[in-house]
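Student: My questions all concern the structure below.
The values are calculated or read from the model by the stated rules, or taken from the named source; none is laboratory data. Because the structure is predicted, anything quoted here is derived from the model rather than measured. Cβ: placed from backbone, ideal geometry, glycine included. Neighbour counts: every protein chain shown.
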Amino acid sequence: MKLLLKKDIPHLGIVGDIVDVSTGYGRNYLLPQHLAVAATKSNMKMLAEERKKAEERRRLRIEAMTAQAEKLRDVEVTISAAANAEGVLYGSVGPREIASALRDEGHDVDPSCVLLADPIRRVDTVTATVRFTEDIKAEVKVWVVRSQASESEDEHGDEDDRYDEGSRDDYDNRHDDQ
């Protein structure tokens, strides 16, 4: 089934494209959702102006993404996370934490754009890829360091875990009189 797209549809086409789709996809999704119309000459003329506007929006968006990727080049972010003495994190650092750290630095990055092979589970330095499109990418250096709370817990040892005999005896003495 040949249809003329009224809106941009990822992995299918842009406004004004004539696409060949299965009959079921066209009848059950594209046409009822008003995403496409029949590919007639009058519909093509009607969507010609809309296609020009869509191409201009796309060009501006690509320019903005390219500028943003250029600003991200050579950017380094530091993320502190709780870790044990060997440097193993109690949790992990993933795309959401990296995107948040980039936002704190003034870069508007969506977590879905941050690519990592695996979540970071150790205190380490990793290079993460921020992919805006297939062609527009930037490399960001991520430093994962131990948080200050983790370091102070290791210095004090397990003092908090010890049973405090004196305080328990004081409690018993106060309540024995009653």
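Student: Restricting to segment 20-46, count the residues that are surrounded by 12 or more Cβ atoms within 10 Å (Cβ to Cβ) and within 31 Å of the chain's Cα centre (by Cα).
Tutor: 5
Student: Any residue in segment 118-137 that is modelled with pLDDT under 90, of a type in the set (S, T, N, Q) and over 26 Å from Pro10 (Cα atoms)?
Tutor: no
Student: Let me ask something else about it. Applying the selection to segment 72-102, what residues are touching a helix residue (DSSP H, G or I) at 6+ places or on another chain (Cβ under 6 Å) and of a type in the set (Gly, Ala, Ser)?
Tutor: Ala82, Ala83, Ala85, Ala99
Student: Turning to a different aspect of this structure: Return the total of residues in segment 1-43 being part of a strand (DSSP E or B) and in contact with an Asp or Glu (Cβ under 6 Å, 6 or more places away or on another chain).
Tutor: 2
Student: Return a yes/no flag: does segment 94-104 have any residue that is modelled with pLDDT under 90 and either in a helix (DSSP H, G or I) or out of contact with any Cys (no Cβ under 9 Å at 6 or more places or on another chain) (or both). Before the answer, list the steps.
Tutor: Of segment 94-104, the ones modelled with pLDDT under 90 are none.
No, the conditions are met nowhere in segment 94-104.
Student: Would you mind telling me which numbered condition in (1) touching a strand residue (DSSP E or B) at 6+ places or on another chain (Cβ under 8 Å); (2) closer than 17 Å to Val142 by Cα Gly13 fails?
Tutor: Gly13 satisfies every listed condition except (2).
Student: Here is a check on your reading of the model: is Ser100 more than 17 Å from Glu139 (Cβ to Cβ) and without any contact (Cβ under 8 Å) to a residue 60 or more places away in the chain?
Tutor: It is true that Ser100 is more than 17 Å from Glu139 (Cβ to Cβ) and without any contact (Cβ under 8 Å) to a residue 60 or more places away in the chain.
Student: Restricting the first residue to segment 32-46 and requiring it to be closer than 16 Å to Val19 by Cα and assigned by TED's automatic domain parsing to the domain that holds Val21, which pairs with a second residue that is of a type in the set (Gly, Ala, Ser) and at pLDDT 85 or above meet a Cβ separation below 9 Å and a spacing of at least six or different chains?
Tutor: Ala36/Gly26; Met44/Gly16
Student: Among Ala128, Ala117, which is on the phi < 0 side of the Ramachandran plot, surrounded by fewer than 15 Cβ atoms within 10 Å (Cβ to Cβ) and among the aliphatic types (A, V, I, L, M)?
Tutor: So the residue among Ala128, Ala117 that is on the phi < 0 side of the Ramachandran plot, surrounded by fewer than 15 Cβ atoms within 10 Å (Cβ to Cβ) and among the aliphatic types (A, V, I, L, M) is Ala117.
Student: May I pose another question? Would you confirm, using the coordinates I've provided, whether Glu56 is surrounded by 12 or more Cβ atoms within 10 Å (Cβ to Cβ) and without any contact (Cβ under 8 Å) to a residue 60 or more places away in the chain?
Tutor: No.
Student: Can we say Thr133 is exposed (fewer than 14 other Cβ atoms within 10 Å of the Cβ) and closer than 16 Å to Gln68 by Cα? Working first, answer last.
Tutor: On the way: exposed (fewer than 14 other Cβ atoms within 10 Å of the Cβ): yes; closer than 16 Å to Gln68 by Cα: yes.
Against the criterion (exposed (fewer than 14 other Cβ atoms within 10 Å of the Cβ) and closer than 16 Å to Gln68 by Cα), Thr133 qualifies.
Student: Read through the list (1) modelled with pLDDT of 90 or more; (2) touching a helix residue (DSSP H, G or I) at 6+ places or on another chain (Cβ under 8 Å); (3) of a type outside the set (D, E, K, R), then give the number of the only condition that Gly16 fails.
Tutor: (1)
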